[in-house]
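These notes concern the structure reproduced below.
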Number of protein chains: 2
Amino acid sequence: MTSTELTGHSVIAGRTVAGTGKPFQAIDPASGESLEPAYSQIDVDQLHEATAAAAAAFPSFSTLPPEKHAAFLESVADEIDAVRDEIIERAAAETGLPAPRLTGEVARTSGQLRMFAGVVRSGLFRGVRVDLAQPERSPMPRLDIRQRKVALGPVAVFGASNFPLAFSTAGGDTASAFAAGCPVVFKAHSSHPGTSEIVAAAITRAVKAHDLHPGVFSAIFGPGRTVGQSLVTDPAIQAVGFTGSRSGGMALVAASASREVPIPVYAEMSSVNPVFILPGAIADGVDELAAGYVTSALGSSGQLCTQPGNVFVPRGEQGDAFVAAVQRAITAASGLTMLSPSIAGAWREGVATRDEHADVAARGSEGEGPYAPAPVVHSASLDRFLADDVLHEEIFGAASLIIRYDTVSELPAAAERLEGQLTATLHLTDADAAEARALIPVLERKAGRILANGWPTGVEVGHAMVHGGPFPSTSDSRTTSVGSLAIERFLRPVAYQNLPEALLPEPVQEANPWGVPRLVDGRIETA
Amino acid sequence: MTSTELTGHSVIAGRTVAGTGKPFQAIDPASGESLEPAYSQIDVDQLHEATAAAAAAFPSFSTLPPEKHAAFLESVADEIDAVRDEIIERAAAETGLPAPRLTGEVARTSGQLRMFAGVVRSGLFRGVRVDLAQPERSPMPRLDIRQRKVALGPVAVFGASNFPLAFSTAGGDTASAFAAGCPVVFKAHSSHPGTSEIVAAAITRAVKAHDLHPGVFSAIFGPGRTVGQSLVTDPAIQAVGFTGSRSGGMALVAASASREVPIPVYAEMSSVNPVFILPGAIADGVDELAAGYVTSALGSSGQLCTQPGNVFVPRGEQGDAFVAAVQRAITAASGLTMLSPSIAGAWREGVATRDEHADVAARGSEGEGPYAPAPVVHSASLDRFLADDVLHEEIFGAASLIIRYDTVSELPAAAERLEGQLTATLHLTDADAAEARALIPVLERKAGRILANGWPTGVEVGHAMVHGGPFPSTSDSRTTSVGSLAIERFLRPVAYQNLPEALLPEPVQEANPWGVPRLVDGRIETA
């Protein structure tokens, strides 16, 4: 196992670069104490070294043959797995997240990179389409036209506070950008700089081992208002990936709007993930349902993008029994350490506001340390919920709102009133089929993922996953940030008309040397 | 043949609606005379009737079974073909475009709709992906997850001045939005209202014949600054398609930035379509080359998005011979009537500016009528071109710039200096292969379509076409506005996790009743 000595500095195109700005330290949220080392912050000139290097790396990195490209992704995965214990130790200190959760997150991160290696080998993402020449066509012959998707260019990725691995340095945005052939300039989140540095070093080793241009990857520490904004407006940057708060995401969207040349900004922001418990499901028994809800709402101290923040429960005896079971579980629960003092502070503020707008159904007890507030579940009538915008706001952390409805026929209109969401959940039995059928078309317009008889936390990494959705859950509903479709965020199509075979790039050559699937005259051909 | 009586009014969800605003009349650019009838302009309240109707039509229209959906598209095509002569007569009067060009454009418009009918039947655009359940997987079982693409919602389409049919009422934007399942609110271009009304009536007949919700289509006349802006910022509208000038497109992009909920704006704007004549090609003979250039540059009075506006020609005897042949042809050419007085005025202004920045290589003679200015070709050295931003600006119409280079090794850097383009063209022989190979990677970053030994005008409608490109040629390089891939602009993915088969929409049912191609556990399966 390689051991990473933390330098407290950025990595720009393979070099350790001491920033000129004021250093900062991570805080252990379990104790409130600062962690060594201090991290220097780069300035805007130093940032431009990273973006210029990424631009210089683009021509060679974006045209790697599939096997070399996939092997690089697998090496990044291997390098991360090799320092797993080191990552977990540091990440636990920086985030307060428990070791089992972090162990899973490392596996998810390296697994995701290996999935993208498979995507690169399969070649479907290259979007190859061939319209063969028709020299005999009248009145005009048709020329040979071939299309493929190419990488957009260097991508800026912003690390998330709540996933120090899977949505950070080598997380889904970086993995999908790398898979598309885009160099990455990664701006680390200030709450876990040590974890970021360890993973950045792992990526840097893989870049070197494969003899790639060092500009393929940089990981930088710097102030958001200067370096973060400059990263988004840098002419070399061609797309932005972000996971975080609504205000943070919208600040990047606004910054990008000031660019001379517009670029896509993929910001995954906020979601309350409504859950509709239909009458049949609640009649089927409430204990398992309540236990599933509480586990999903409180896990990782509720700090998950897909945490169930709104749960619609029917009135009546069974609904009351469900609420009572939830109350017992919440009352018995104590707070878990939150990711950072500022996140804990924002949570307390959000809960204090909600206390004034809804009833407290149950409150647990404070956990150990200063940043482990007592989990809480509020309740409100559907009418009150529909009338009060405050009750639609996300509270990031272990808080959730139970909304009591009278009849299931009220639910489609209630769903219509919701903002855009990452997920929407139905609990149902066969008896609820007609009502579910009325609700699903509304949920399709509101959410990126619809699930049945489960809870929205736990986002499977696969080909069919959508982790995205209408605004404000993301800034661009046309995509996903988890799963293999995420690669499409960093691609654009190019057509080649009447080019000699010898000048065509490999994916569109008639000989198809990379064996990519193709759409030939509108028909799918697998190699 | 149905004969359309022109009413001079908008069609809102199947009803003829007289606008409250000041009427306007189309102008015959051949004579400068006004054409009957006057067209009333709607106000913003009337606009909201159209967008509300589109929102109301969305649930049923977006879920049509493929055969009904495709049959509707084919009916629109048939209804247009049935009034072809009427369309051509009115469009010729409103645009000055010659009948053969308009005949081709009608065929292109109905052919495009039929292509999208085929796209709807094939089902590939539904993007179905299935990750099958793995109940035995450890440590956690995998749930069944299915993904498909759904329609975004009502789409606003702005008609183009230069394609009264193929990029207007029932043009590529409308056809691809309809194919995606999106209702369309079409804002007609004020230069050809009668053509727009005839085609709108054809669409309206098809909507009625198929008993669709009338909100599927509205065609409105109204002022850009009020009604056009309100259309882009209307909460019901979920995407915008536009073809026109850079200033017009950027005004819509800016308007959309003020929305609370951001939406994609697909604006196809400006391009000078560089053509690189390499030394081998010019050594091969100049007459055919010069004739091809002049035909492409002057056709449709140069008013095509893909008109060759910059042509790079080597210095030396053969290059001089090429220029001399171009000079002969241009000097002999006379102006063709431009689309409108304002377009002719903007052309004259652009040419007057260019006269001060480059040498006039050749100027033809004025054509008949007030709006048929003399075509012109300028020339400049490569150094002068690289140093002068004014020479990079598009002049919409029959003007083009020949740029003389010394050695082919200068071309990659020259291409790097260009703005984003719809197309880039190479003229080459086998002798030019090495130089072309150095140039193509730069052109891939600059353009949406690269073509060899042809001219960029004439955009084939097919599966492999890309009519799009980096800014400022479009506002979103990830797409195309021509060809079957254009449908993807109006779709977003939704995942279904663990839903009972009976509640799944048809495209993602395991039984696959619509026979759509699917990606099952990452492997392509055709039905």
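Axis of helix B:287-298 versus longest Cα principal axis of chain B: the two differ by about 60°, to the nearest ten degrees.
For A:K22, the lysines whose Cα falls under 29 Å of its own Cα, not counting residues fewer than eight places away in the same chain, are A:K187.
Its alpha carbons considered, the protein assembly as shown gives a radius of gyration followed by a Dmax of 29.7, 95 Å. Helix A:433-446 and the longest principal axis of the Cα set of chain A meet at an angle near 50°. Excluding same-chain neighbours fewer than eight residues apart, the aspartates and glutamates reachable from B:K208 by a Cα-Cα span under 19 Å are B:E5, B:E49, B:E67, B:E74, B:D78, B:E79, B:D81, B:E197. Could you compute the net charge surrounding A:S176? Neighbours are other residues with a C-beta less than 9 Å from the C-beta of A:S176; K and R count +1, D and E count -1. Value of the local net charge: -1.
Across identical copies of the chain, B:G32 has label-point separations of 8.3 nm, listed in ascending order, with the point defined 7 angstrom from Cα along Cα→Cβ. Reducing region B:18-76 and region A:106-176 to their Cα centroids gives an inter-centroid distance of 38 Å. Under the criterion of Cα pairs below 8 Å and six or more residues apart, the relative contact order for region A:202-301 equals 19 percent. Scalar couplings 3J(HN,Hα) for region A:161-178, obtained by applying the Karplus form with A = 6.51, B = -1.76, C = 1.60 to θ = phi - 60°, are 6, 8, 10, x, 10, 6, 10, 9, 3, 10, x, x, 5, 5, 4, 6, 5, 4 Hz; x denotes Gly and Pro. Sorted from nearest, the other copies put their A:E89 label points 8.8 nm away, the label point being 7 Å from Cα in the direction of Cβ.
By the beta-carbon count within 10 Å of each Cβ, the least crowded to most crowded order of A:M115, A:M250, B:M338, A:M269, fewest first, is A:M250, A:M115, A:M269, B:M338. For chain B, the longest principal axis of the alpha carbon atoms and the long axis of helix B:66-82 meet at an angle near 40°. Projecting the Cα positions of B:Y266, B:P59, B:G448 onto the charge dipole of chain B (unit charges on Cβ atoms of Lys, Arg, Asp and Glu, taken about the Cα centre) puts B:P59 furthest along the positive direction. Distances between placed amide hydrogens fall under 5 Å for A:A361 paired with A:V377, A:H378, A:S379, all partners being 5 or more residues away or on another chain. Inter-copy label distances at A:T295, shortest first and taken from points set 7 Å along Cα to Cβ: 7.2 nm. Averaging the sequence gap over all C-alpha pairs within less than 8 Å and six or more residues apart, then dividing by the number of residues, gives region B:275-452 a relative contact order of 28 percent. Between the amide H of A:H427 and those of A:F276, A:I277, A:L278, A:N453, distances stay under 5 Å, these residues lying 5 or more places away or on another chain, with hydrogens modeled in the peptide plane.
Could you give the dipole magnitude of the protein assembly as shown about its Cα centre, charging the beta-carbon of Lys and Arg +1 and that of Asp and Glu -1, in debye to the nearest 20?
On the way: 78 positive and 116 negative charges, 101 e Å.
Roughly 480 debye for the protein assembly as shown.
In debye, nearest 20: dipole of region A:433-499 around its Cα centre with unit charges on the Cβ of K, R (+) and D, E (-)? Display every interim value, and only then the final one.
Numbers: 7 positive and 5 negative charges, 30 e Å.
It works out to roughly 140 debye.
Entry note, chain A: relative contact order of 18 percent, from Cα contacts under 8 Å with a spacing of 6+ residues. Across the options B:C305, B:H69, B:M338, the greatest Cα extent toward the positive end of the charge dipole of chain B (unit charges at beta carbon of Lys, Arg, Asp, Glu) belongs to B:H69. Over all other residues within a Cβ to Cβ distance under 14 Å of B:A321, the charged ones net out to -2, with Lys and Arg as +1 and Asp and Glu as -1.
Each residue of region B:500-507 was assigned a 3J(HN,Hα) from its phi angle through the Karplus expression (A = 6.51, B = -1.76, C = 1.60, θ = phi - 60°), giving x, 3, 5, 9, 6, x, 3, x Hz with x at Gly and Pro.
Taking the helices alone, chain B has a mean residue ellipticity at 222 nm of -11500 deg cm²/dmol, built from -39,500 (n - 2.57) per DSSP H run of at least 4 residues and averaged over all its residues.
Within the same chain, lysines fewer than 8 places from B:K149 are excluded, and of the rest, those with a Cα less than 22 Å from its Cα are A:K149, A:K446, B:K68.
DSSP beta bridges in the protein assembly as shown, what fraction antiparallel, as a percent rounded to 5?
Details: 54 of 142 bridges.
Percentage antiparallel, nearest 5: 40.
Basic side chains Lys and Arg get +1 at the Cβ, acidic Asp and Glu get -1 at the Cβ, and with that the dipole of region B:275-452 about its Cα centre reaches some 280 debye.
Considering only beta bridges that DSSP places wholly inside region B:275-452, some 15 percent are antiparallel.
Since every read-out is calculated from the coordinates, none of them should be taken as a lab result. Owing to the predicted nature of the structure, the values given are computational and were not obtained by experimental measurement. As a convention, Cβ positions derive from the backbone with ideal geometry for all residues, glycine included, and neighbour counts pool all protein chains shown.
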